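Let me begin by presenting the structure, written as structure tokens, before commenting on it.
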Amino acid sequence: MIVTPSPKQLEWQESELTMFLHFGVNTFTDQEWGNGKEDPKIFNPIDLDARQWVQVAKDAGFKYMILTAKHHDGFCLFPSKWTEHSVKNSSWKNGKGDVMRELSDACREAGIKMGFYLSPWDRHEPSYGNSPVYNQYFKNQLEELLTNYGEIAEVWFDGACGEGPNGKRQEYDWAGFYDTVKKIQPDALIAICGPDIRWVGNEDGVARETEWSVQDPNPVFHPNATSKVWYPAECDVSIRPGWFWHASQDSQVKSLDHLVDIYFKSVGRNSVLLLNVPPNNRGLFADPDVKRLAEFRQFLDKTFSVDLALGKPAIADSEEFLASNVTDGRKDTYWMPKDNKTTGFIEIDLQKPVTFDVSMVKEYIPLGQRVEEYSISAYDGREWKTIVNGTTIGHKKLDRFSPITANKVRLDIKKSQYPPQIRAFGLFKMCD
Ligand code: FUL
């Protein structure tokens, strides 16, 4: 049986860019992990403007935003009725503010999808460590977040699980948490400690060269699965050294080169990039981050707006579906060889010498991820040269190489678990 994504997993994968927002009491204490003893009064982002966050994210091409509704310190950015440790006892807006509300309203207005991070580990809540009681507390908060803020696209469960105040260890009721999410918002994707989206395994924003969206089920996150599951990778990383804003890190925003490298190693390796941009203590994105995101967008636009293979004639050794489907710019067509063949090649005639240094290959993932090994070669009028040897492709595989001038290129599918279905084969010249 070929494993395929759910419609929501597909939509998520195709969106490619998600923004993470770490914000809370740590923003005011200059910490990365709060201890739960912070005075809620310290939370006072006097200029908070969620529309600024959303505009910056949207302008940079991000399609989803995920807010830390509660981090490990237990302080809630929404006025939960189950605790006093929240915005309602902060100085901000005399306790009348609700960051979830402001962000969800702004996202809806702008057509951006919203998600939240709710830390299971809670260093403030006294019931933490008393497993059934705390699990109920956590479900109550999930219910608030899933009921009061419109559509929630992604629920992000962190795996961190520290010791409770009474020295007891908290056993999370994952199955119960998923039931709560599915009952209220069946379409919400559950990420990381959840069944729908997989943590890539590091916090550097980097996927593997070989990245399969088809995986063996995780016994905790897919307790009922009996065979492989669609479990695509998400690459989380912060634009700064820390997840939370620190004044001292205003000068340490990642360079454009670093962000571009992350893009190629995440989105370009069949993953979604979850880039953290933390609001500052005024409640705004800081200037260096805003500037860098604009540069990042400019780089991507300049590099990817001209596909040098688009509309060029293509042939293949075998065509159940036409080879020219890979250069037609459409997402609903693909090349596939005849007779269930699992190997084959496509050749694109560029019609004149063209210089490029990036290739993009996409599989038609609505029908699964299939390719295990491929290569790309270029013909300069005299000889064929192999420029890429790769393994998996998936939603999108980007390869970088030294600039090459060629008038023909060829994609060889050398090994595939089922007949390959190639949606696109593009060529680009990176902007300087
Ligand atoms: C980790 C947390 O401990 C960090 O503070 C951060 O939230 C990161 C995304 O996940 O597990």
Sort through Gly74, Gly111 and tell me the only one that's modelled with pLDDT of 95 or more and closer than 25 Å to Val272 by Cβ. Gly111
Can you pull out every residue in the range 1-22 that is more than 15 Å from the chain's Cα centre (by Cα) and either in a helix (DSSP H, G or I) or over 25 Å from Ala233 (Cβ atoms) (or both)? Pro7
Among the residues of the range 23-51, count how many are assigned to a helix (DSSP H, G or I), hydrophobic (A, V, I, L, M, F, W, C) and under 25 Å from the mean Cα position of the chain (by Cα). 1
Suppose we filter the range 352-398 for residues that are over 28 Å from the mean Cα position of the chain (by Cα) and either aromatic (Phe, Trp, Tyr) or under 20 Å from Ser305 (Cα atoms) (or both); how many remain? 6
Condition (residue is buried (at least 19 other Cβ atoms within 10 Å of the Cβ), closer than 26 Å to Lys8 by Cα and basic (Lys, Arg)) applied to the range 108-130: is it met by at least one residue? yes
Got a number for residues in the range 46-71 being crowded, with 23+ Cβ neighbours inside 10 Å, closer than 19 Å to Asn281 by Cβ, out of contact with any His (no Cβ under 8 Å at 6 or more places or on another chain) and not aliphatic (A, V, I, L, M)? 2
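It is to be established whether one or more residues within the range 55-78 are more than 21 Å from Asp289 (Cα to Cα) and away from the ligand (no atom under 16 Å from the Cβ).
Scanning the range 55-78 turns up at least one residue that is more than 21 Å from Asp289 (Cα to Cα) and away from the ligand (no atom under 16 Å from the Cβ).
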Restricted to the range 16-41 and to residues being free of Cβ contacts under 8 Å to residues at least 60 places away in the same chain and more than 18 Å from Trp243 (Cβ to Cβ), the residue surrounded by the most Cβ atoms within 10 Å (Cβ to Cβ) is Pro40
Mind checking which residues of the range 132-173 are under 24 Å from the mean Cα position of the chain (by Cα) and within 16 Å of the ligand (Cβ to nearest atom)? Glu154, Val155, Trp156, Phe157, Asp158, Gly159, Ala160, Cys161
I'm trying to understand the selection: among the residues of the range 111-131, which are assigned to a strand (DSSP E or B) and away from the ligand (no atom under 16 Å from the Cβ)? Lys113, Met114
Within the bounds of the range 177-192, is there any residue that is over 20 Å from Thr68 (Cβ atoms), in a loop (DSSP other than H, G, I, E, B) and at pLDDT 95 or above? yes
Output for the range 401-432, where each listed residue is small (Gly, Ala, Ser) and within 18 Å of Pro353 (Cβ to Cβ): Ser402, Ala406, Gly426
Filter result for Ala314 (buried (at least 21 other Cβ atoms within 10 Å of the Cβ), more than 16 Å from the ligand (Cβ to nearest atom) and not β-branched (Val, Ile, Thr)): yes
Pick out the one residue from Val200, Val277, Val290, Val206 that is away from the ligand (no atom under 14 Å from the Cβ) and either open to solvent by less than 10 Å² (accessible area, probe 1.4 Å) or touching a Ser or Thr at 6+ places or on another chain (Cβ under 9 Å) (or both). Val206
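The values are calculated or read from the model by the stated rules, or taken from the named source; none is laboratory data. Note that the structure is a prediction, hence the values are computed from the model and not measured. Counting neighbours? That spans all protein chains shown, and the Cβs are built from the backbone with ideal geometry, glycine included. Quick note on the areas: whole protein, heavy atoms, side chains included, nothing else; ligands and nucleic acids left out. Shrake-Rupley method; radii C 1.70, N 1.55, O 1.52, S 1.80 Å.
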